[in-house]
1. Provide a single number: the residues in region 445-470 that are within 14 Å of the ligand (Cβ to nearest atom) and either over 18 Å from residue 40 (Cβ atoms) or assigned to a loop (DSSP other than H, G, I, E, B) (or both).
2. Residue 429 fails exactly one of the following numbered conditions: (1) more than 11 Å from the ligand (Cβ to nearest atom); (2) within 25 Å of residue 144 (Cβ to Cβ). What is the number of that condition?
3. Are any residues in region 296-329 of a type in the set (A, V, I, L, M, F, W, C) and open to solvent by 40 Å² or more (accessible area, probe 1.4 Å), and if so, which ones?
4. What number goes with the only condition from (1) at pLDDT 95 or above; (2) open to solvent by 10 Å² or more (accessible area, probe 1.4 Å); (3) out of contact with any Lys or Arg (no Cβ under 9 Å at 6 or more places or on another chain); (4) within 21 Å of residue 75 (Cα to Cα) that residue 442 does not pass?
5. How do the pairs read when you match residues in region 138-149 that are within 14 Å of the ligand (Cβ to nearest atom) with residues anywhere that are part of a strand (DSSP E or B), using Cβ under 6 Å and keeping only pairs 6 or more apart or on different chains?
6. Take the residues of region 268-286 that are without any contact (Cβ under 8 Å) to a residue 60 or more places away in the chain and charged (D, E, K, R): which is most open to solvent (accessible area, probe 1.4 Å)?
7. Quick check: anything in region 377-396 within 14 Å of the ligand (Cβ to nearest atom), closer than 18 Å to residue 325 by Cβ and either in contact with a helix residue (DSSP H, G or I) (Cβ under 6 Å, 6 or more places away or on another chain) or at pLDDT below 95 (or both)?
8. Of the residues 338, 289, 361, only one is closer than 26 Å to residue 450 by Cα, open to solvent by 30 Å² or more (accessible area, probe 1.4 Å) and more than 16 Å from the ligand (Cβ to nearest atom); which?
Amino acid sequence: MRVILSTGILSLLVAVSGFSDNSVRRFKDGFLFGTASAAYQVEGAWNEDGKGQSVWDHHFHSDPELWSAPGDVASDSYHNYKRDVEMLRELGVDVYRFSISWTRVLPGGFSSMKNEPGLQYYDSLIDELLKHNIQPMVTMYHFDLPMVLQHLGGWANPYSIEWFEDYARVLFDRYASKVKYWITINQPNSVCEVENFENHLPKSTKGVMDYLCAKHVLLAHARTYRMYEKEYKKKYGGSVGISISVNWAEPATNTTENVEAAEIYREFTYGMYLNPIWSKSGDFPKLVKDRVAKKSKEQGFVRSRLPSLTKDDIKLIKGSADFLGLNHYTTFLTSPSKGGHPVPSFADDVSVDLTTKEEWKQSHSAWLKSAPYGLYKACLHLNKRYDYPTIFITENGWSTDKGLQDPSRSEYIQQYLKALLFAIEDGTEVLGYIYWSLMDNVEWMAGTSERFGLYEVDFDSPERTRTARQSALVYKRIIQKRVVEEGWKPNNLKITVSKVKTEL
Ligand code: BGC
């Protein structure tokens with residue numbers, strides 16, 4: 001256990017209130033800045049050059065209310081990747097996090113049939129990045145499971161562990177010599193909560209499928225990590241992590257029930273994935289195991305709906321990450337649920353209601369408000385609970401409406417980065433920060449109505465023209481100066497490639 005270096009309480013007060021204590025805090029040399037995207041959300045070309053269907057292609061195409069699926073063209077990065085890299089050069093980032101579309105490289109989901117044009121697309125993107133000394137960070141799976149595999153039960157099927165491992169091997173074989181940062185799975189906690197995919201799945205899978213998925217996703221991740229460790233790491237020296245959605249949760253007021261609700265919420269939403277990998281004992285959190293076992297028994301199940309991990313599973317999963325990819329957007333306040341959830345379900349197992357503070361600034365997404373101190377608190381909580389894990393902030397972002405003037409995004413970035421500097425000062429080990437997202441994209445069910453981009457995308461133009469927003473210049477300035485100058489604004493929106501980067 002490390003000693004906290006500076007005055008945590010003082011820093012926390014500063015982070016909460018937004019007051020400055022006049023010290024200039026810097027991101028040290030070697031701290032990596034980046035931006036991110038994901039295949040379904042930006043690529044388009046949904047059926048070009050041999051690509052197969054993912055669950056999202058299928059979902060949108062089977063909705064008779066929709067005349068076209070938002071991901072069919074999306075931001076058309078499949079045809080615009082050179083412009084995307086130019087934007088990254090304009091920003092001066094060190095890293096670009098993007099995901100590979102499983103069905104673009106393996107149209108039928110299995111590794112028996114590889115799609116060369118799909119593999120070549122990622123060769124071109126990676127080469128273009130490396131040409132400009134921008135490190136690719138590859139997410140292997142960002143929600144877009146091959147539909148063929150979903151027909152076989154998706155992540156509920158224990159064979160999904162092998163399907164993923166086989167897919168991962170194809171990617172390592174092809175790209176490991178060039179890609180040094182790998183993320184196996186994006187937000188298993190979103191993938192596995194049936195509530196998120198309500199439209200795809202029969203109601204009877206609630207409270208069962210969630211936990212089968214959690215077990216299989218963890219094993220798929222761990223087997224992939226071990227494969228890299230054994231067969232690729234020595235040769236290529238890269239690192240492999242997993243990105244977990246960690247929004248901070250704290251009691252609405254300080255009653256015993258609300259405090260307990262916060263702990264339950266944290267353990268069910270992210271402890272389920274962090275505990276098996278980062279805790280000393282491994283395995284799912286005790287709180288989760290006890291609670292699901294008790295409820296399952298009351299509901300007449302012969303055994304807990306949460307499958308157990310064997311001793312070998314626990315050993316395999318424990319320590320299976322070089323870094324913790326932290327996706328953090330917001331904070332919630334917790335109290336015990338007033339009920340009304342289907343039984344059984346993940347929501348009923350958790351039984352926690354979430355609220356927010358009136359005074360927190362609202363984004364263009366109903367679920368997203370700005371509370372930067374939550375990032376600070378989440379980091380300190382993880383340090384305490386998991387003994388200072390190495391963190392990479394793999395997502396943090398803000399949505400607005402259309403438009404190039406986006407002061408609320410600039411402010412969000414500045415304040416969250418300031419909170420991060422305090423967390424670093426107080427002992428958090430952070431390799432880098434990645435803003436979500438490089439450009440406007442398909443925000444899943446919300447289509448293109450919620451804009452997260454540093455660059456605006458004109459979805460009405462066939463070229464999907466990209467234009468830098470004000471926040472792009474604000475982020476660029478932070479990257480250049482390595483300090484946060486609160487309130488700094490550019491005089492105009494002109495952005496050019498200005499930084500000649502040296503070899504990383
Ligand atoms: C997901 C992204 C999504 C973003 C904003 C993240 O949790 O990984 O795909 O666009 O949230 O909702």
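1. Residues flagged as within 14 Å of the ligand (Cβ to nearest atom) and either over 18 Å from residue 40 (Cβ atoms) or assigned to a loop (DSSP other than H, G, I, E, B) (or both) within region 445-470 amount to 7.
2. (2)
3. Listed by number, the residues that qualify are 301, 302, 316.
4. Among (1) at pLDDT 95 or above; (2) open to solvent by 10 Å² or more (accessible area, probe 1.4 Å); (3) out of contact with any Lys or Arg (no Cβ under 9 Å at 6 or more places or on another chain); (4) within 21 Å of residue 75 (Cα to Cα), residue 442 violates only (2).
5. So the pair list comes out as 139/99; 139/183; 139/186; 140/184; 141/185; 142/99; 142/186; 144/54.
6. Restricting to residues being without any contact (Cβ under 8 Å) to a residue 60 or more places away in the chain and charged (D, E, K, R), the top hit is 286.
7. Scanning region 377-396 turns up at least one residue that is within 14 Å of the ligand (Cβ to nearest atom), closer than 18 Å to residue 325 by Cβ and either in contact with a helix residue (DSSP H, G or I) (Cβ under 6 Å, 6 or more places away or on another chain) or at pLDDT below 95 (or both).
8. So the residue among 338, 289, 361 that is closer than 26 Å to residue 450 by Cα, open to solvent by 30 Å² or more (accessible area, probe 1.4 Å) and more than 16 Å from the ligand (Cβ to nearest atom) is 361.
The values are calculated or read from the model by the stated rules, or taken from the named source; none is laboratory data. Values in this document were obtained by computation on a predicted structure and should not be read as measured data. Note: ideal-geometry Cβ built from the backbone for every residue, glycine included; neighbour counts use all protein chains shown. Ligands, DNA and RNA are excluded from the accessible area calculation, which covers all protein heavy atoms including side chains. Shrake-Rupley method; radii C 1.70, N 1.55, O 1.52, S 1.80 Å.
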